[in-house]
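Worksheet: the structure to be examined is printed underneath.
The values are calculated or read from the model by the stated rules, or taken from the named source; none is laboratory data. Everything quoted here is computed from the prediction, not taken from an experiment. Neighbour counts run over all protein chains shown; Cβ positions are idealised from the backbone, glycine included.
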Amino acid sequence: MAKQRLSTTVDGELLSRARQLQPGTSDASMVERALTALLAQHERMEIDAAYARAYEEHPFDEPDEWGDLARFGEAAGAR
């Protein structure tokens, strides 16, 4: 992956605390890890939102050709 230079200012206390957690790690590496974590969190939020939309369109107890998940869950819990 091509690297790009990033020049910015950040909260000094925040940077100090991050450096203490990862001694010997470069600031660039910490920023890359933080950006990767941010993107992963965003992807998880998008997946969660897609599930929420799907369950709004097709509620958990909506029957289909296999029955409905609510009754299946009740039956499984009764065992």
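Checking the structure you have, find out if any residue of the range 13-29 is touching a Ser or Thr at 6+ places or on another chain (Cβ under 9 Å), at pLDDT 95 or above, of a type in the set (D, E, K, R) and surrounded by 10 or more Cβ atoms within 10 Å (Cβ to Cβ). Yes: one or more hits. Taking Arg53, is it assigned to a helix (DSSP H, G or I), at pLDDT 95 or above, among the basic types (Lys, Arg) and over 14 Å from the mean Cα position of the chain (by Cα)? So Arg53 passes the test.
Going through (1) under 30 Å from Ala75 (Cβ atoms); (2) over 22 Å from the mean Cα position of the chain (by Cα) one by one, Arg19 falls short only on (1).
Each row is one residue, and each column tells you yes or no for (1) farther than 30 Å from Gln4 by Cα; (2) not in a helix (DSSP H, G or I).
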| residue | (1), (2) |
| --- | --- |
| Pro23 | no, yes |
| Val31 | no, no |
| Ala37 | no, no |
| His42 | no, no |
| Met45 | no, no |
| Asp48 | yes, no |
| Arg71 | yes, no |
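Pairing each residue of the range 15-36 that is among the β-branched types (Val, Ile, Thr) with any residue that is at pLDDT 95 or above and part of a helix (DSSP H, G or I), provided the two are 6+ apart or on different chains, yields C-beta distances under 9 Å for Thr25/Ala18; Thr25/Arg19; Thr25/Arg33. Looking for whichever is surrounded by 10 or more Cβ atoms within 10 Å (Cβ to Cβ), out of contact with any strand residue (DSSP E or B) (no Cβ under 9 Å at 6 or more places or on another chain) and free of Cβ contacts under 8 Å to residues at least 60 places away in the same chain here; the options are Ala2, Ala49. Which one fits? Only one candidate qualifies: Ala49.
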